[in-house]
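Colleague: One structure, as structure tokens, below. Some questions next.
The values are calculated or read from the model by the stated rules, or taken from the named source; none is laboratory data. As the structure is a prediction and not an experimental result, all values here were calculated from the model. So basically every Cβ, Gly included, is an ideal-geometry build from the backbone, and we count neighbours across all protein chains shown.
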Amino acid sequence: MKKRIMALLMAAVMVTGLITGCSKKEDVNSFDGKNIRVVIGSTSTSGDSYLIAETVSRHLAKALNATAKVDAVGAVEAVDAIKNAKPDGQTIMIFHDMTYLGVSFGAYGEEYSLENMTVGPRVAQNPGAAWAAGVNAPYESLQEIPEYLKANPDAICRMACESGGVSHVAFVVFYEWVLENYGQDVADRIVVVVGGSTADKCQLLWDGNCDVIFADYTSLYDYTQTDDQKIAMKFMGLLDNIEGVNIPSYADLGITMNGEEFRFSKDFLVYLPKDIPQEYVDELDKAMETVSNDETFQSDLEAMSYRTAYLKSEDAKTFIYDKRDGLQSLIDAAPSLDDLIQ
Amino acid sequence: MIEFGLLQLIMAVLGVGVGIIFGALPGMTATMAIAIFLPLTYAYDLNTSLFLLLGLYVGGISGGLIPAILLNIPGTPSSITTGFDGFPMAKRGEAEKALKIGITASLIGGMFSLAALCLFTPPLAKLAIQFSAVEKFLIILFALTVIAALSKGNMTRGIFAGFLGVLVSLIGAFADNNHLRMVPDFLKVELRSGFQLLPVLIGLFALTQIFQEAETGMKVSKATYDLNNNDKSKRFSIKDFKGQGINLIRSSAIGTFMGILPGVGGSAASLLSYSQAKNFSKEPEKLGTGAVEGLVASESANNGLTGGALIPLLSLGIPGDSTTAVLVGAFMLQGIQVGPLFITNNRGTWYTILFALAICNIIMFITMFYPIKHIAKVIKLPKNRIYPVIILMCVVGAYAIRNGNMFDVWTLLLFGVIGYIFSKINIPSAPFLIGFILGRDLEKYFVDSIKGSGGSLACFFTRPIGWGIWALIIASILFAVFDNRKARRQQA
């Protein structure tokens, strides 16, 4: 009897498995019911790339009726995953401007250019990139640095940034602006110290090995509030204004790019494999629009000082191509960091 | 006010249990376990999640001793030195004793670092930031001197292997300018971040050993180690710790201190404490042959790291190691910034962390110490059955390290073969691995020091803390040289 019941159960399990297996909508161009691997261009699970991708994926998965898992694989690995993934909706990438900056700065090859992937919707923005200096630095803002250097001909200012990233762009814009407005002598005394993570850059500042560092506003905020003189910092300028934060941006300080106002927020977009059917993109647009209007999603992002910034795929593509092309001439004309190192 | 009830207890037990499994599986680490469970932070409030995350941390660090002792395969990079003495003990029928010594030393190391976290966080954090890139470079150099200590009687080959390990670790992109080094064109994507540590480690230890066994044949299907002996000297007793007091304190302190220094990992902690245990030992020649001293040094140091690494994280916002760096994500997802004001602004969370860490260490001890005699029986499984399972676990572990990267599996196999060749030409694998583990940090802090000094090498000789570390480096090398000469004389 027991054997019969077991056999019956086994048969029932097999039939159920076969039915559910056969009914899987593999050939339908939809995210519905799929396991989506969300690759990001960072290996860190504490930076803005992970935090935004994780928050977006969690909300997006509900809207798509799918499961999403963020894989922090690193920049080259992420763009490579999108380049080689099947266009079946099971692999997407959520990443910021480093997607195209990596190609623009030559960190990785043309085969990973935006043209070789499908641009999906813009999902969020991080406006909080900031420069900060030690609390006792003899200048109060980025604007005062060239003034200080002009008044002190033997002084130098060492600025820590990363090669090939957003901080590289921020530095180049500032350097070119100083060169244009204060001349070669002052610009020559702004030197680069190449730093890695925020922790590395903080340590460089505390060791006295650099004077100004570039990092996320939120990650530096506590250091601007402490009384401990060894680690205390002050903000020197933001790349873009943050709502409710009274720190001047490049635009407020008059730091321009080719004479025009410069603002830079990290734009986080979804990227998909090149030949993905349009149905996926449309579905993603619709879901992301719903998610962006959700107040819980908005407050989740705001809690981390990020903001919703939905753009549907078509507009996001135009936006990111324009942004890339606008920066390309600056990157091409800028001196190499190797030449600006002390 | 600490919120602690049944839910928190379950989370802690679950965290420790899963952490131990992750630590014990070659290729899986505490960092990976925390990263996987990070999104759960949303389902529960931060304080409850902390019991799970800290459980994973403590369990993940502790679990590594099981395969290191039973199979000579370090479950985590920080348990490399555990196998140096743990495995010889297991081979002579003292597996359960070795495991229990390791677990007890882990508990003591963990509690020592918790006390440091609880009582001295602000001053220790201040001390940590006095250690610039120069001091960190010198500490890594100091940890490298363990190569000399491990190469007794075979120093030239050992040092060669160490330098080769450093060279291999530098394969990949140089972070400062993104230029690729020593990378063939067809591997520029796969090797951009170089060879991953875990496949290299597992390949060198696990696969090499299996290849060697395969060569000699596995006719003796059962390991000859006897677990059920009635010899009292082979059973664990608290008396095994007799004479280990100073070693325990020194090693726990080294582990805690290495945790405090951001960017100096757990492997360096256990290597350094192992080499110091050898230097201070009355019978240094016994280390590496199954000495309790070596096992205690390794395990108390790598668990000492846990509380230590939380010190700079919670007081400065700078993670002490890769695992605590992942923990930052848990706080950030809850909208809590970890920085110099964290303790002042989040008293409740701070006390919860201290309490959770204490509870997790105790749970780790209970869940490992009592059932370990059953786990130890794995050593009695026939080799022709256990080795295929180990290979499978290694391959799965290597594949999972970067979320499904096949290149890491090839790395595992490649270094298995390299380790096998090393054994044929009498080049020791351990110094190679130590060089590989420390190589990138050595370069990073060297370059950072040079950046700060404007290119002058004088920076390595002008700082008072640096002088102290130089003295330790020189003493350690001299000790190793004399020890090597003595060993060669004895061989002659």
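Colleague: Sort through A:LEU340, A:LEU311 and tell me the only one that's more than 18 Å from the chain's Cα centre (by Cα) and either of a type outside the set (Gly, Ala, Ser) or farther than 22 Å from A:ASN35 by Cβ (or both). Break it down stepwise before answering.
Modeller: Values: A:LEU311 fails: more than 18 Å from the chain's Cα centre (by Cα).
From the options A:LEU340, A:LEU311, the qualifying one is A:LEU340.
Colleague: Follow-up. In the set B:LYS486, B:LYS451, which member is in contact with a strand residue (DSSP E or B) (Cβ under 8 Å, 6 or more places away or on another chain) and either in contact (Cβ under 8 Å) with a residue 60 or more places away in the chain or over 30 Å from B:ILE202 (Cα atoms) (or both)?
Modeller: B:LYS451
Colleague: Go through the residues of the range A:168-181 one by one and say whether even a single one is within 23 Å of A:TYR50 (Cα to Cα) and aliphatic (A, V, I, L, M).
Modeller: yes
Colleague: Here's another thing I want to ask about it. Where the second residue is surrounded by fewer than 17 Cβ atoms within 10 Å (Cβ to Cβ) and among the acidic types (Asp, Glu) and the first is without any contact (Cβ under 8 Å) to a residue 40 or more places away in the chain and more than 16 Å from A:LEU179 (Cβ to Cβ) and lies in the range A:244-269, which pairs have Cβ atoms under 9 Å and are six or more apart or on separate chains?
Modeller: Correct list of pairs: A:ALA251/A:GLU261.
Colleague: Of the residues that sit in the range B:293-331 and are within 14 Å of chain A (Cβ to nearest Cβ) and hydroxyl-bearing (Ser, Thr, Tyr), which one is surrounded by the fewest Cβ atoms within 10 Å (Cβ to Cβ)?
Modeller: Across the range B:293-331, the extreme among qualifying residues is B:SER322.
Colleague: Check B:PHE436 against each of (1) on the phi > 0 side of the Ramachandran plot; (2) surrounded by 20 or more Cβ atoms within 10 Å (Cβ to Cβ) and name the one condition it does not meet.
Modeller: Result: B:PHE436 passes all but (1).
Colleague: Let me ask something additional. Give me a count of the residues in the range B:31-55 that are within 23 Å of B:THR256 (Cα to Cα) and away from chain A (no Cβ under 13 Å).
Modeller: 5
Colleague: Just to verify a result, which residue in the range A:126-154, among those that are in a strand (DSSP E or B) and at pLDDT below 95, is nearest to A:ASP207 (Cα to Cα)?
Modeller: My answer is A:ALA130.
Colleague: Going residue by residue through the range B:414-436, is there one that turns out to be in a helix (DSSP H, G or I), at pLDDT 85 or above, within 14 Å of another protein chain (Cβ to nearest Cβ) and out of contact with any strand residue (DSSP E or B) (no Cβ under 9 Å at 6 or more places or on another chain)? If you could, list the steps in order and put the result at the bottom.
Modeller: First, pick out the residues of the range B:414-436 that are in a helix (DSSP H, G or I): B:414-424, B:429-436.
Next, only the ones that are at pLDDT 85 or above stay: B:414-424, B:429-436.
From what's left, within 14 Å of another protein chain (Cβ to nearest Cβ): none.
No, the range B:414-436 contains no residue that is in a helix (DSSP H, G or I), at pLDDT 85 or above, within 14 Å of another protein chain (Cβ to nearest Cβ) and out of contact with any strand residue (DSSP E or B) (no Cβ under 9 Å at 6 or more places or on another chain).
Colleague: Further question on the same structure: Going through the range B:256-275 one residue at a time, which ones are β-branched (Val, Ile, Thr) and modelled with pLDDT of 80 or more?
Modeller: Listed by number, the residues that qualify are B:THR256, B:ILE260.
Colleague: While we're looking at this one, here's another question. Among the numbered criteria (1) crowded, with 24+ Cβ neighbours inside 10 Å; (2) touching a strand residue (DSSP E or B) at 6+ places or on another chain (Cβ under 9 Å), which single criterion is violated by B:PRO39?
Modeller: It is condition (1) that B:PRO39 fails.
Colleague: Considering the range A:278-303 alone, what residues qualify as being exposed (fewer than 14 other Cβ atoms within 10 Å of the Cβ) and part of a loop (DSSP other than H, G, I, E, B)?
Modeller: A:ASN293
Colleague: Scan the range A:65-76 residue by residue and report those that are surrounded by fewer than 24 Cβ atoms within 10 Å (Cβ to Cβ), more than 7 Å from chain B (Cβ to nearest Cβ) and either in contact with a Lys or Arg (Cβ under 8 Å, 6 or more places away or on another chain) or aliphatic (A, V, I, L, M) (or both).
Modeller: Across the range A:65-76, the qualifying residues are A:ALA66, A:THR67, A:ALA68, A:LYS69.
Colleague: Within the range B:135-175, can you find the residues that are out of contact with any helix residue (DSSP H, G or I) (no Cβ under 7 Å at 6 or more places or on another chain) and either hydroxyl-bearing (Ser, Thr, Tyr) or part of a loop (DSSP other than H, G, I, E, B) (or both)?
Modeller: Taking the range B:135-175 as the starting set, the residues that turn out to be out of contact with any helix residue (DSSP H, G or I) (no Cβ under 7 Å at 6 or more places or on another chain) are B:154, B:156-157, B:160, B:167, B:171-175.
The answer is B:ASN154, B:THR156, B:ILE171, B:ALA175.
Colleague: Take the conditions assigned by TED's automatic domain parsing to the domain that holds A:MET98 and modelled with pLDDT of 95 or more and apply them to A:ASP285. Does it pass?
Modeller: It is true that A:ASP285 is assigned by TED's automatic domain parsing to the domain that holds A:MET98 and modelled with pLDDT of 95 or more.
Colleague: Given the conditions (1) among the hydroxyl-bearing types (Ser, Thr, Tyr); (2) surrounded by fewer than 16 Cβ atoms within 10 Å (Cβ to Cβ); (3) more than 14 Å from chain B (Cβ to nearest Cβ), which single one is not true for A:SER313?
Modeller: It is condition (2) that A:SER313 fails.
Colleague: Assess whether B:THR349 counts as being within 10 Å of chain A (Cβ to nearest Cβ) and among the hydroxyl-bearing types (Ser, Thr, Tyr).
Modeller: no
Colleague: Sticking with this structure for a sec: Do we find that A:GLU140 is among the acidic types (Asp, Glu) and within 30 Å of A:SER292 (Cβ to Cβ) in this structure? Outline the logic, then answer.
Modeller: Values: among the acidic types (Asp, Glu): yes; within 30 Å of A:SER292 (Cβ to Cβ): no.
No; evaluated as a whole, the condition is false for this residue.
Colleague: Considering B:LEU164, B:LEU150, which residue is away from chain A (no Cβ under 14 Å), surrounded by 16 or more Cβ atoms within 10 Å (Cβ to Cβ) and at pLDDT 90 or above?
Modeller: None of the other options fit; the residue is B:LEU164.
Colleague: Another question, if that's okay. Return yes or no: is A:GLN184 in contact with a Leu (Cβ under 6 Å, 6 or more places away or on another chain), surrounded by fewer than 22 Cβ atoms within 10 Å (Cβ to Cβ) and closer than 22 Å to A:PRO335 by Cα?
Modeller: Working: in contact with a Leu (Cβ under 6 Å, 6 or more places away or on another chain): no; surrounded by fewer than 22 Cβ atoms within 10 Å (Cβ to Cβ): yes; closer than 22 Å to A:PRO335 by Cα: yes.
No.
Colleague: Against the conditions (1) closer than 14 Å to A:VAL173 by Cβ; (2) surrounded by 22 or more Cβ atoms within 10 Å (Cβ to Cβ), where does A:TYR306 fall short? Just the number, please.
Modeller: (1)
Residue-wise test of (1) at positive phi; (2) within 22 Å of the chain's Cα centre (by Cα); (3) not polar (S, T, N, Q).
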{"residue": "B:TYR274", "(1), (2), (3)": "no, yes, yes"}
{"residue": "B:ALA277", "(1), (2), (3)": "no, yes, yes"}
{"residue": "B:SER300", "(1), (2), (3)": "no, yes, no"}
{"residue": "B:GLY308", "(1), (2), (3)": "no, yes, yes"}
{"residue": "B:GLY317", "(1), (2), (3)": "yes, no, yes"}
{"residue": "B:VAL328", "(1), (2), (3)": "no, yes, yes"}
{"residue": "B:ARG347", "(1), (2), (3)": "no, no, yes"}
{"residue": "B:THR352", "(1), (2), (3)": "no, no, no"}
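Colleague: Right, here's the next one. Which of the numbered conditions does A:VAL186 fail, given that it passes all the others? Conditions: (1) more than 23 Å from the chain's Cα centre (by Cα); (2) at pLDDT below 90.
Modeller: (2)
Colleague: Looking at A:GLU261 and the list (1) closer than 23 Å to A:TYR175 by Cα; (2) crowded, with 17+ Cβ neighbours inside 10 Å, which single condition is not satisfied?
Modeller: A:GLU261 satisfies every listed condition except (2).
Colleague: On the given criteria, is B:GLY404 modelled with pLDDT under 85, under 24 Å from the mean Cα position of the chain (by Cα), more than 30 Å from A:ALA232 (Cα to Cα) and not in a helix (DSSP H, G or I)? So that I can check it myself, show each step before the final result.
Modeller: Values: modelled with pLDDT under 85: yes; under 24 Å from the mean Cα position of the chain (by Cα): yes; more than 30 Å from A:ALA232 (Cα to Cα): yes; not in a helix (DSSP H, G or I): yes.
Against the criterion (modelled with pLDDT under 85, under 24 Å from the mean Cα position of the chain (by Cα), more than 30 Å from A:ALA232 (Cα to Cα) and not in a helix (DSSP H, G or I)), B:GLY404 qualifies.
Colleague: Determine which single condition B:GLY93 fails, assuming it passes every other condition in (1) over 17 Å from B:THR323 (Cβ atoms); (2) touching a residue at least 60 places away in the same chain (Cβ under 8 Å); (3) part of a helix (DSSP H, G or I).
Modeller: That leaves (3) as the condition not met.
Colleague: Does any residue in the range B:157-172 that is over 13 Å from B:ILE437 (Cβ atoms) come within less than 8 Å, Cβ to Cβ, of a residue that is modelled with pLDDT under 95 and among the charged types (D, E, K, R) six or more places away or on a different chain, and which pairs are these?
Modeller: Here the result reads B:ILE171/B:ARG181; B:GLY172/B:ARG181; B:GLY172/B:ARG192, each pair linking the range B:157-172 to a residue that is modelled with pLDDT under 95 and among the charged types (D, E, K, R).
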